[in-house]
Amino acid sequence: MNYFNYQGNKLHCEEVPVETIAAEVGTPFYLYSASTIERHYRVFEEAFAGVNHLICFSVKSNSNIAVLKLMATMGAGADIVSGGELYRTLKAGIKPGKTVFSGVGKKEDEIRFALDTGILMFNVESFEELETINRIAGYMNRRAPVSLRVNPDVDPRTHPYISTGMEKNKFGIPVTEAFYLYRKAAGMDNIDVIGVDCHIGSQLTSSEPFGEAVAKLMELVNVLEDDGISIRYIDVGGGLGIVYDKESPPLPSNYAETILDATGNTDRTLIFEPGRVIVGNAGILVTKVLYNKKGPTKNFVIVDAAMNDLIRPSLYDAYQEVRTVIRSDREEMVADIVGPICESTDFLARDHMLPRVHSGELLAIMSAGAYGFPMASQYNSRPRCAEVMARGDRYQIIRDRETYEDLVSGERFFKD
């Protein structure tokens, strides 16, 4: 459920007409519904009521500090993959003791920053990374809390570019090697082994792969316990999908049932890293029609948003629903919705059915709250767009639109 709906013929975000925001802010812009984010978080939280757990919001899905502030207010932690994401969470008020640091390529300065800050734990992805964390912690006279990210070799049945839990993926430590690496970690002078972690992919639409992966984790946990290595946290990652088109992902309650069946009656703390399922359907990208163009075999609707604003369709061939901001009864047409960028891959939707639209009218690219703005760029020297949040009948700009001056900020001429 989300709070984007038509009232009469006008698309609203909560109680605010989208066209009202566009008139003030200009286009393109991202628009988020605060109430939708909060509702999705509560539904996920309630699914695990009565179980020791911590929800660490996946910052990479949407890293605007206003979104992160909502997470902090609701008591969430953070799943981060860079020092920059850690910095953002601290600015937003998320407690570092609720933060897990994932990712295969943590730099030494990022490790020092995280140790200095006092994060909950590092999700370690290789032996060399483990050695580096141990060495840096020794220099700093600290003990580094770690879990090992285990690759359970489970097919998540999702797009290959967002699959992370199979042997061919770069992520994690093969489950067959994990026990031996845990023993090495337990013997290191500056490492505290406190958890086990896995994350098998994103946009999963079935619970079964989650259950299979967590069952393998629990087998490892039992072996570790028998060897005297105590595990306090079981991090099962994120990946629960949303509806973009005709998908039927499990509800958080069904997902919870699968996870709890796999973990049994464990008294360890379960960690979850949801991102897309919290914010995906809580945001849209609003764009203006520039031109209509009829080609020999296709109709094109050229808009002022582009692949630099929303790269998911170009990168993953992902489907995004497109709606007119003002609903009409005009005859429908099939068209590609494309942007101004000088690339044939610059499209937001292909062969999409929508009512005929005219120059100056507004379109809404739905389900754009996750992996939208965080993946935006300045390609073709296009300033990144504004971000806006609405609650009830109010809205605020939560990130200013970049200017041409912003494009060259930090650049300088070479001096002979």
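The values are calculated or read from the model by the stated rules, or taken from the named source; none is laboratory data. Computed from a prediction, not measured in an experiment: that's the story for all the values here. All Cβ positions, even for glycine, are placed from backbone atoms using ideal geometry, and neighbour counts span all protein chains on display.
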Hey, could you check the range 1-55 for residues that are more than 20 Å from the chain's Cα centre (by Cα) and among the β-branched types (Val, Ile, Thr) and say which is surrounded by the fewest Cβ atoms within 10 Å (Cβ to Cβ)? Thr20
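Condition check: surrounded by fewer than 18 Cβ atoms within 10 Å (Cβ to Cβ), within 19 Å of Val338 (Cα to Cα), at pLDDT below 90 and not hydrophobic (A, V, I, L, M, F, W, C). Does Gly295 satisfy that? Working first, answer last.
Values: surrounded by fewer than 18 Cβ atoms within 10 Å (Cβ to Cβ): yes; within 19 Å of Val338 (Cα to Cα): yes; at pLDDT below 90: yes; not hydrophobic (A, V, I, L, M, F, W, C): yes.
Here the answer is yes, as Gly295 does meet what is asked.
Which of the residues spanning the range 243-281 are of a type in the set (A, V, I, L, M) and over 12 Å from the mean Cα position of the chain (by Cα)?
We begin by selecting, within the range 243-281, every residue of a type in the set (A, V, I, L, M); these are 243, 251, 256, 259-260, 262, 270-271, 277-279.
Of everything in the range 243-281, those that are of a type in the set (A, V, I, L, M) and over 12 Å from the mean Cα position of the chain (by Cα) turn out to be Val243, Leu251, Ala256, Ile259, Leu260, Ala262, Leu270, Ile271.
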Would you check which residues across the range 328-361 are among the aliphatic types (A, V, I, L, M) and closer than 25 Å to Lys246 by Cβ and list them? Met333, Val334, Ala335, Ile337, Val338, Leu348, Ala349, Met353, Leu354, Val357
The range 359-416: number of residues that are part of a loop (DSSP other than H, G, I, E, B) and more than 24 Å from Arg312 (Cβ to Cβ): 13
Top-ranked residue in the range 308-323 [being aliphatic (A, V, I, L, M) and surrounded by 18 or more Cβ atoms within 10 Å (Cβ to Cβ); ranked as farthest from the chain's Cα centre (by Cα)]: Val322
Lone qualifier among Val388, Val322, Val303, Val338 - being closer than 22 Å to Tyr32 by Cα and free of Cβ contacts under 8 Å to residues at least 60 places away in the same chain: Val322
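Looking at Gly195, is it touching a Ser or Thr at 6+ places or on another chain (Cβ under 7 Å) and within 21 Å of Phe127 (Cβ to Cβ)?
Details: touching a Ser or Thr at 6+ places or on another chain (Cβ under 7 Å): yes; within 21 Å of Phe127 (Cβ to Cβ): yes.
Answer is yes for this residue.
When you scan the range 213-322 for strands (runs of 3 or more DSSP E) that lie fully inside it, which ones turn up with 1 or more residues that are in contact with a Lys or Arg (Cβ under 7 Å, 6 or more places away or on another chain) and of a type in the set (S, T, N, Q)? Break it down into steps so the answer makes sense when it comes.
Values: elements: 233-235, 269-272, 283-294, 299-303.
Correct list: 269-272.
Quick one: is Phe101 within 17 Å of the chain's Cα centre (by Cα), within 20 Å of Gly138 (Cβ to Cβ) and buried (at least 23 other Cβ atoms within 10 Å of the Cβ)?
On the way: within 17 Å of the chain's Cα centre (by Cα): yes; within 20 Å of Gly138 (Cβ to Cβ): yes; buried (at least 23 other Cβ atoms within 10 Å of the Cβ): yes.
In short, yes.
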Only one of Val334, Val338, Val357 that is over 26 Å from the mean Cα position of the chain (by Cα), modelled with pLDDT of 95 or more, of a type in the set (Val, Ile, Thr) and crowded, with 18+ Cβ neighbours inside 10 Å: Val357
Can you tell me which condition Val408 does not meet? The list is (1) within 22 Å of Leu348 (Cα to Cα); (2) exposed (fewer than 14 other Cβ atoms within 10 Å of the Cβ); (3) of a type in the set (A, V, I, L, M), and all the others hold. (1)
